Structures are given as structure tokens and as C-alpha cells.
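Read through the structure below, which is laid out as C-alpha cells, and then see the notes.
We did not get these values from a lab; they are worked out from the coordinates using the rules stated. Here the structure is a predicted model, which is why all the values come from computation and not from measurement. We place every Cβ from the backbone using ideal geometry, glycine too, and count neighbours over all the protein chains shown.
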Amino acid sequence: MPGIEKLPIEETLEDSPQTRSLLGVFEEDTAAMSNYCTQLYRAMQRIYDAQNELSAATHLTSRLLKEYDKQRFPLGRDDEVMSSTLQQFAKVIDELSSCHAVLSTQLADAMMFPITQFKERDLKEILTLKEVFQISSDDHDVAVNRFSRLSKKRDNDKLRAEAVEDVYTSRKKQHQTMMHYFCSLNTLQYKKKTALLEPLLGYMQAQISFFKLGSENLTQQWEDFLGTIGTSVQNVRREMEQEVGQMQETIQEMETSCDQLYAPCDPDPAHTLVCRNLTRKQGYMYIRNKTGLVSSSWERQYFFTQGGNLMQQGRGEVAGGLLTDLDNSSVMAVDCDDRRFCLQVTSFDGKKVVTLQSESRQDCEEWIATINNISKRIYLSENAEELAARVNQSALEAVTPSPSFQQRHESMRPSSKGRAGRASSISSVGSEPSPALSALSLDALVAPETPIQFDIISPVSEENSGQSKTAAQSGRRSNPFGESGDGASEDSEDSILHQLFIVRFLGSMEVKTAESPDVIPETMRQILAARAIHNIFRMTESHLLVTCDCLKLIDPQTQVTRLRFPITSVLQCSSHQDNKRLFGFVLQAAGGGRGDSRTVCYIFESNNDGEKICDSVGLAKQIAFHSEMDRKAVEKRKEHDKAKEKQQEERSKQKQIEKDLEEQSRLIAASSRPANQPAADGQFLVLSNSQSEDSDAGAEEGKKESEA
């Protein structure tokens with residue numbers, strides 16, 4: 001007989017939609033077999049109940065056997081040997097329908113017992129296991145949903161432990177029930193053959209022994225045929241027993257090896273190995289669907305990669321559907337308010353964003369690594385995994401990790417050993433260095449052993465100390481968040497240009513020169529390579545405010561200014577040649593109290609408006625330049641006005657001096673008249689000696705001043 005179709009017990013733990021679809025086919029076959037077996041049982045029951053109806057019952061049995069080919073058995077359509085065997089049995093039974101009925105005891109022992117055992121014991125056992133499996137599957141779904149809804153903000157160890165225990169118990173119960181259910185369904189494929197053949201074989205033997213037919217139709221020819229069928233039944237039974245033994249061994253091995261896989265989270269995250277060379281992956285995840293303007297829901301789906309596409313499939317669906325195209329896409333780990341282990345996939349044009357949640361951190365990192373490899377089209381090569389391993393290895397050689405990422409200066413810097421192979425390494429930037437950069441040594445752009453800063457750290461160590469001193473002297477409270485206070489707000493309000501952009505900080509590092517146009521692309525390449533290798537996907541989102549006075553990075557939630565750069569310190573600003581979402585600027589920063597300055601390059605990611613931001617910064621620099629020119633002109637005009645006012649004051653002083661001299665001259669003239677000369681009114685004017693001396697002194701002083 002041909003091979004028996006069977007369910008794969010090894011795939012019961014994964015519980016994929018393909019396995020569920022195959023299980024549905026077996027269940028449909030079992031239902032059809034149960035229906036057919038019931039009809040056959042009734043036919044044989046009629047043979048046993050009434051000998052008077054023996055002819056009609058055997059004729060009905062023959063007709064049912066002839067209709068075996070018309071039955072819709074999904075797994076038994078190509079069984080020609082079984083079909084031809086039943087057809088021959090139908091022919092013999094039809095010939096014996098006119099004969100006497102066999103004794104009821106012989107029929108009960110040889111015919112009714114096997115079919116009754118198959119119907120009452122085997123088929124009912126399948127139905128019972130089906131109900132138990134359905135209950136365990138529903139319990140597992142409820143436990144997984146409860147575990148996934150654990151609050152991230154209110155982390156309760158007791159609730160988390162209870163949720164993990166429920167998932168472990170329900171998943172183990174579902175796995176064990178599913179394995180035994182698959183074993184019973186596979187065994188049924190053998191039992192249905194014996195259940196159909198053994199009653200017919202017993203019936204024929206009873207007929208032969210009862211009537212002792214000696215005719216040619218019921219002698220040697222049919223005995224050989226029945227012997228062949230009996231041998232075939234014994235072979236099927238032995239094959240069934242062997243297969244049952246193998247399935248039981250497989251169940252025991254999987255119960256032992258899969259015990260750690262029942263837990264939804266990693267048992268030891270610190271020692272869990274993450275495979276980053278994958279180009280194909282599948283498994284269950286939750287996808288966030290928007291149900292309103294601000295509301296959303298999570299749905300558990302089965303996801304798998306197919307070429308450069310990410311597919312999703314529901315549990316009851318036959319095939320999967322396209323979710324998004326992964327070529328040239330971007331993926332990163334994100335923080336969700338209500339879920340953990342979330343990742344976000346953005347299409348190449350930025351129009352479609354998909355948020356997914358995996359079961360564990362290891363699964364999340366493997367999905368991110370797989371999508372990154374697919375976005376680079378590594379899957380198109382013949383040895384995709386080897387190429388992915390080489391790419392990761394070359395990137396590891398290109399970047400040297402620092403011991404810790406928790407301090408202010410902790411970051412990664414490409415090592416000098418792998419600096420020669422940087423041009424051939426595949427990075428997330430996706431562009432080749434320019435000819436000018438190839439001619440110029442990388443050490444001329446980036447200082448050796450330069451740390452990379454991946455998070456925004458406000459310079460509060462020196463600025464806040466200065467602010468606290470100033471506040472202490474002035475009697476005002478200092479701002480604990482490092483903001484500039486009223487002066488900054490007044491500058492922003494008086495500024496002509498106000499443009500706000502949403503950006504994500506990728507990193508910053510010190511550079512040696514700001515004159516080369518390739519310093520920003522080279523810094524982008526090193527920072528993105530370091531992020532990809534060391535699995536740093538978290539980015540700080542901020543609002544970039546561009547004014548004609550300064551650049552501000554503002555926290556979108558608290559509206560606190562994280563960093564502030566004067567517009568005059570920005571030396572260069574440009575976006576990436578291929579990926580317009582990436583941009584950066586080089587600025588001259590203070591040396592931290594040492595008296596010197598340093599050049600720092602900051603790299604950001606925006607929403608497809610990197611060039612617009614660079615144009616806005618350039619416009620701000622032009623406005624600042626013209627404002628400075630206007631300010632100098634105003635100061636020069638003020639100085640000229642002050643000089644004119646001073647000249648006018650000097651002229652007024654000179655006029656006052658001349659007026660005083662004229663008055664003194666009049667007094668001198670009056671004092672120089674004769675002493676006995678009568679006045680105009682007939683009186684004499686007498687001057688004392690002191691008045692004369694004072695008049696003479698005043699005249700001399702007036703003469704000296706006039707000469708001066």
C-alpha cells in the first residue's frame with residue numbers, strides 16, 4: 001500500500017498556521033471517515049439483526065463499498081489499491097446477497113466487534129482529544145494575552161510571575177495535548193484501514209465457514225485473495241505499531257528538550273545568544289492597528305519573511321498576505337507605553353510604519369537583525385547567511401566598542417586595525433566615500449580614539465555651576481534643567497526666523513577639521529556602523545528650533561531645552577547624498593575651561609526633510625550675518641551722534657564763556673570811571689579799594705581767557 005499521510009509532531013510547539021491548516025485537513029478526513037464508518041456500521045448491524053433482511057443488507061453493504069471512490073477523503077483519493085480491494089469485496093458481497101445469512105454469533109464475533117471497537121473507542125477518543133485540545137488552545141491564548149498586557153509603567157513582580165507561570169502551564173498543556181492529538185490522528189490513518197478490512201475479512205470467513213461453499217467462485221481463488229488481504233492488514237498493523245512507537249519516542253524527546261521553550265521570556269537574558277546572520281525568520285508577534293484617531297489595538301498574527309517582503313497570516317487563513325516591502329527599509333527598537341519588546345519597521349519612502357511586538361528581547365533583536373539583512377538585499381546572493389556573517393564580521397572589525405555605554409563619554413570608535421577595510425564594509429548609510437575623501441586620510445577628518453556619544457547629555461557640569469554662582473550673586477533661583485532663562489526666551493521671541501522640526505539624535509563625535517565637505521558623511525558612516533554593530537537602536541526624539549540667534553534641542557514632552565548652540569558657532573551643515581533623512585552640522589564648541597576650542601559634529605535623523613533643515617540653518621546664518629552688520633551700522637551711527645552732541649556742548653560752553661567775558665568787560669568799564677564824577681542822576685559813585693582790586697583781577701582773568 002502507498003505511504004500514509006501523517007501530521008508532523010515536531011512542529012506542534014511552533015503551532016504555525018500551516019500546521020493548523022494541515023490539522024484541519026486531518027480533522028475533515030476524520031469527520032468523513034466517522035460518517036462513512038457510521039453508515040458501514042449500520043449496514044453490518046442490519047445483517048446482524050435480521051437474517052430475513054440479509055440479502056438487502058449485503059446489497060447495501062456492496063453498494064457502499066462501490067461508492068468508496070465517490071467519498072471525499074482529502075488524504076485517501078490516490079489510494080488505488082484500497083479502492084480496487086473494496087471494489088472486489090463489493091462484488092463478492094453482492095454475489096453472496098442471495099445466499100443464507102450467517103449465524104448471528106459468528107457475525108457478532110467476526111464482523112460487528114472490530115467495527116464497533118473502531119467506532120465507539122477510536123473515533124470517540126479522537127473527538128475527546130479534539131475538545132481537550134481546543135480548550136487548552138483557548139487557555140493558552142488567554143494566558144499569552146494576559147502576559148502581553150502587563151503594564152510597563154506599573155511593574156508588579158507578583159503579577160508578572162503569575163502571568164509567566166500561566167503561560168508556561170498553558171503552553172505546556174497545549175503542546176502535550178497537541179502531540180497526543182496528532183499521534184491519535186496519525187494512528188487513525190492506519191486504524192481506518194484495519195477497521196474497514198477486518199470486519200469484511202471476518203464476514204467473508206464466516207460466510208465461507210458457514211455455507212462451506214465449494215464452488216469455484218468461493219474456493220481457492222478467493223482464499224488466496226483473502227490471504228493476501230490478511231497479510232496486507234498485518235503489514236499495516238505492524239507499520240502502525242512501529243510508527244506509534246516512533247511518535248511516542250518523539251513526544252518524549254520533545255517534552256524533555258522543549259521545557260525551556262514554554263516560558264515566554266528569556267531565562268537568562270545576559271547569556272542569551274542572538275543570531276544576527278539570519279535572512280529568513282518566522283513566528284508569532286503582535287501588530288498594532290489603529291482603531292481611531294488616538295486609540296489602537298493589538299492583534300496576534302503569524303509573520304514570516306518571503307524574499308524581500310514581510311508577510312502576515314492569521315490562524316484560520318490558508319495563505320499569508322503582504323504586510324510591507326523590506327527592501328531599503330529601516331527598523332529600530334521603540335518604546336511603547338503599554339507594550340514591551342517592540343520594534344518599528346519603516347518603508348523606504350517613509351509612508352508606511354508598522355509597529356510589532358515580539359515575545360522576548362532575543363526574538364526582538366533577531367527580528368531587527370533579520371530585517372536589516374533583508375533591507376541590504378543580502379538574501380539575493382547564493383550564500384546569504386555566509387554573506388551576512390561576513391558583513392557583520394567586517395563591521396565588527398570596523399568599530400571597537402567601549403567598555404560601558406552608561407557614562408557621558410562612553411561610545412564606540414572605529415579601530416585603526418579595521419580602518420583600511422571601511423570602504424568595503426556595508427553600513428546603514430549606503431554611500432561610497434567621495435574621491436576627495438579617498439585621497440584624504442581619515443585621520444585628517446576624525447581624531448584617533450575619538451569617543452562617540454549616542455545620547456543627548458546637557459552640559460550641566462560647568463554651565464550650571466556658573467549659573468548657580470550668578471544666581472547666588474543676583475539673588476535669583478537657577479534653572480535646574482540648564483536653560484538660559486529669560487534671556488533665551490527674549491532672544492527667541494525677538495528672532496525673525498522660527499522653524500520647528502522633529503529630529504532623532506543619532507550621535508556626535510569630535511572631528512579634527514571643519515573645512516572638508518566629507519567630514520559629515522564620514523561621521524555619519526562611523527556612527528551608523530557603530531549603532532548597527534553594537535545593537536544601539538534607541539534614539540532620543542527632540543524638537544529642533546531654528547532661529548536667527550541659535551539652534552535649540554527641546555524635549556517634546558517637558559518643553560525643556562536640552563542643548564543650545566549659537567548660530568555663529570555652526571561652521572557647516574549638510575544632508576546625506578542618498579538618504580535625505582540624515583543630516584548633520586559641525587560647530588565650534590568651548591574646550592571646557594582649558595582656554596581652547598574643539599570641533600564637534602552632530603548627526604540627526606529627520607522625517608525626509610534633512611535638506612530643508614540645512615537650508616533653514618543657512619538662512620538663519622545669513623539673517624544673523626545681516627543682523628550683525630545692521631547692529632554695527634547702528635552703533636557707528638550712535639557714535640557719530642554722540643560726537644555731534646559733544647561738539648554742540650562745547651560750542652554752547654564757548655558761547656557761555658564769551659557771554660561771561662562781555663559781562664566782565666562791562667563791569668571793568670564801569671569800574672574805570674573817575675571817583676568824583678557825578679552819576680547820571682546827580683550822585684557820586686564811590687568804589688572801595690577792595691572793589692577796585694576785584695575788578696582789576698577780573699579784568700586780568702578775562703584778558704587771559706580771551707587770549708587762550
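Pairs over the 31 Å Cα-Cα cut-off, from the set K281/K351; K66/K119; K153/K376: K153/K376. K655: which lysines have alpha carbons under 18 Å from its alpha carbon, excluding same-chain residues fewer than 8 sequence positions away? In chain and number order, the partners are K644, K646, K703, K704. Using a ≥ b ≥ c from the Cα gyration tensor of the stretch 259-394 (square roots of the eigenvalues), is it rounded, prolate or oblate, where a/c under 1.5 gives rounded and otherwise the larger of a/b and b/c decides, a/b for prolate? In terms of gyration-tensor shape, oblate. In terms of the mean number of neighbouring beta-carbon atoms within 10 Å, the peptides 361-368, 347-354, 500-507 order highest first as 361-368, 500-507, 347-354.
Peptides 556-565, 199-208 ordered by packing proxy, namely the average of other Cβ atoms within 10 Å per residue, highest first: 199-208, 556-565.
Along each principal axis, taking the top coordinate minus the bottom one, the Cα set of the stretch 627-667 gives 60, 5, 5 Å in descending order.
Each peptide in 633-646, 277-290 was scored by the mean count of other Cβ atoms within 10 Å over its residues; highest first, the order is 277-290, 633-646. Database remark: amide H of N309 closer than 5 angstrom to the amide H of L326 (H placed geometrically; neighbours at sequence offset of 5 or more, or on other chains; Pro and chain starts carry no H). In the frame of its principal axes, the stretch 123-204 has Cα extents of 74, 13, 13 Å, reported largest first.
Over all projection directions, the Cα-based convex hull of the stretch 61-204 averages an area of 11.6 nm². For K621, give me every one of the lysines with a C-alpha distance below 28 angstrom, ignoring sequence neighbours fewer than eight places off in its own chain. Qualifying lysines at Cα under 28 Å: K512, K552, K580, K612, K632, K636, K638. The relative contact order of the stretch 35-188, computed from alpha carbon pairs under 8 Å that lie at least 6 residues apart in sequence, is 23 percent. Using C-alpha pairs under 8 Å with a sequence gap of at least 6, the mean separation divided by the residue count of the stretch 292-388 gives a relative contact order of 20 percent.
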